[in-house]
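Heads up, the thing below is written out as C-alpha cells.
The values are calculated or read from the model by the stated rules, or taken from the named source; none is laboratory data. As the structure is a computational prediction, the values presented were derived from the model and not from experiment. Note that each Cβ is placed from the backbone with ideal geometry, even for glycine, and that neighbours are counted across all protein chains shown.
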Amino acid sequence: MKKSLPKISIVMPVYNEEDKIEKCLKSIRNQDYPQDKIEIVFVDDDSTDNTLKLSQKYLVKYVRNGKHDYDLGKSLGIKNATGEYVMFMDADNILTRKDWIKKIISPLLEDENIVGSQPLWFKYNKNDAFFDRYCTLYGITDPLTIYLSKRDRLMLWERNWKIGLIEERKEYFIAEFNKKNLPTIGSVGFTIKKKLLLKTNYDPSFSHLDCIQDLLKLGYNRFAMVKLDVIHLHSKSFSDFLGKLERNLKIFIRDFGKRRYTWDASFWKKSYAALAMLTFVVPLYHAVRGYWKVRDLAWFAHPFICFSVITTYLKMIALWKLGLNS
C-alpha cells in the first residue's frame, strides 16, 4: 500500500502564526499516510514570532519569501515542491481525521480525468469563536459568493453538491466547471496534480482562480468535491473578518490588470447580489433556514455581515474607479 501512494507536497505560506501553527502541522504529521511521502513546503514571510521555532520538530522544508505577499509565497512553494501532487493549506487549517489525505487524494488516483479535489465543508465546533462559527455554518469566507452562486463549500446542513454536477460517488461528487459556473475553488485543502499546475501561469504569483481558469482553457475541467470537512479558523472578531475581506479586495484591485479570472455574472445577477445583501430580507431567510437545521445564533450575524460587506465593497470599488485609492 505504501508503494502505491504518491508523494504529496503541502504548500503552506506563513507569517507570524505561532498561535495556530502547531495544531495545523500536528494534524498533518498525525496522518496515516506514509510520512516520507508527505512534504510540507513551509514558505515563511520573515516571521518575527516563534513560528519557525515551533515548526522545527515537524520536519518542514523551509523556503523564504520575504515579500509579504501570500500569492508570491504560493508560487515559491510550487517551485520547491517535489511531490507528484500539491495541496494548499494555511496555518489556520487543521485536518479533521487521520485518513484525511488518503480521502482527498483518492479521487485523483481513481479517475485520471479528475484534475483536483476539494473538501466540501468547514468543520463545526460549537466552542469556536462566534465569527469562526459563522464562516463554518455558511461554508464561506465571503458572503458575496452565496449570491453570485460562486461559493466553493456547502452550508453545514447541506449534503449535495449541485454546481456542474455530473456524477455522485460514495466518497465524492464529480463536477465539470467552465468559465461561467466556476466556483471559488483552490484553497483550504485543495489538491491537484503538480504537472497540471506547471501548465498554468503560476509564476511569479499564484492566484488559484487564475490558474484554474488557465486549466479550463486547456480542457482540464473535471473536479472532485469530496465529502470531507476541514477546520478553518478564519476570524475571531468582526473586525478580523472584515479586515481580511478588505485585504483581499485591495489585492484584487492592485493586480486587476494581471488577473485572468473574472466573476462571470450578468449585470442583473450582480444587481440581485447587491440588493439581496443590502435589504436584510434574503440574508435573514438564509439565517432562519440555517438555524432551523443547526441551532446556533451565529446564523443571525448574516444580515449584518452582508450589509457591511457590500457597503464596504461598493465604497472601495467607487474610490478605485475614481482613482482615489491610497
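List the number of the failed condition for Phe223; all other conditions in (1) touching a strand residue (DSSP E or B) at 6+ places or on another chain (Cβ under 6 Å); (2) closer than 22 Å to Tyr313 by Cβ hold.
Unmet condition: (2).
Right, Thr200: β-branched (Val, Ile, Thr) and free of Cβ contacts under 8 Å to residues at least 24 places away in the same chain or not?
yes
Give the number of residues within the stretch 162-174 that are part of a strand (DSSP E or B) and surrounded by 13 or more Cβ atoms within 10 Å (Cβ to Cβ).
Adding up the residues that qualify gives 5.
Restricting attention to the stretch 249-271, which residues are within 20 Å of Asn201 (Cα to Cα), out of contact with any Lys or Arg (no Cβ under 8 Å at 6 or more places or on another chain) and either of a type in the set (A, V, I, L, M, F, W, C) or modelled with pLDDT of 85 or more (or both)?
The answer is Ile251, Ile253, Phe256.
Quick one: which of Val288, Val294 is in contact (Cβ under 8 Å) with a residue 24 or more places away in the chain and of a type in the set (Val, Ile, Thr)?
Val294
Any idea how many residues of the stretch 226-262 are within 23 Å of Phe122 (Cα to Cα) and in contact (Cβ under 8 Å) with a residue 12 or more places away in the chain?
21
Would you please name the residue that is farthest from the chain's Cα centre (by Cα), looking only at residues in the stretch 271-289 that are under 19 Å from Tyr313 (Cα atoms) and aromatic (Phe, Trp, Tyr)?
By that ranking, first place goes to Phe280.
Select from the stretch 291-326 the residues that are in contact with an Asp or Glu (Cβ under 8 Å, 6 or more places away or on another chain) and not hydroxyl-bearing (Ser, Thr, Tyr) and write down the one among them that is nearest to Phe130 (Cα to Cα).
Among those that are in contact with an Asp or Glu (Cβ under 8 Å, 6 or more places away or on another chain) and not hydroxyl-bearing (Ser, Thr, Tyr), it is Val309.
Within the group Ile114, Ile94, which residue is in contact (Cβ under 8 Å) with a residue 24 or more places away in the chain, closer than 30 Å to Asp49 by Cβ and not acidic (Asp, Glu)?
Ile94
Inside the stretch 1-79, counting only strands (runs of 3 or more DSSP E) that do not spill past its ends, which hold 2 or more residues that are touching a strand residue (DSSP E or B) at 6+ places or on another chain (Cβ under 7 Å) and of a type in the set (Val, Ile, Thr)?
Passing ranges, in order: 8-14, 38-44.
Hey, among Lys57, Lys67, Lys126, which residue is of a type in the set (Lys, Arg) and either more than 29 Å from Leu245 (Cα to Cα) or crowded, with 16+ Cβ neighbours inside 10 Å (or both)?
None of the other options fit; the residue is Lys57.
Are there any helices (runs of 4 or more DSSP H) wholly within the stretch 175-269 with 3 or more residues that are touching a Gly at 6+ places or on another chain (Cβ under 9 Å) and crowded, with 20+ Cβ neighbours inside 10 Å, and if so which?
208-217
Within the stretch 279-289, can one find any residue that is basic (Lys, Arg), exposed (fewer than 13 other Cβ atoms within 10 Å of the Cβ) and over 30 Å from Arg159 (Cβ atoms)?
No, because not a single residue in the stretch 279-289 is basic (Lys, Arg), exposed (fewer than 13 other Cβ atoms within 10 Å of the Cβ) and over 30 Å from Arg159 (Cβ atoms).
Leu137 passes all but one of (1) part of a helix (DSSP H, G or I); (2) surrounded by fewer than 19 Cβ atoms within 10 Å (Cβ to Cβ); which number fails?
Failing condition for Leu137: (2).
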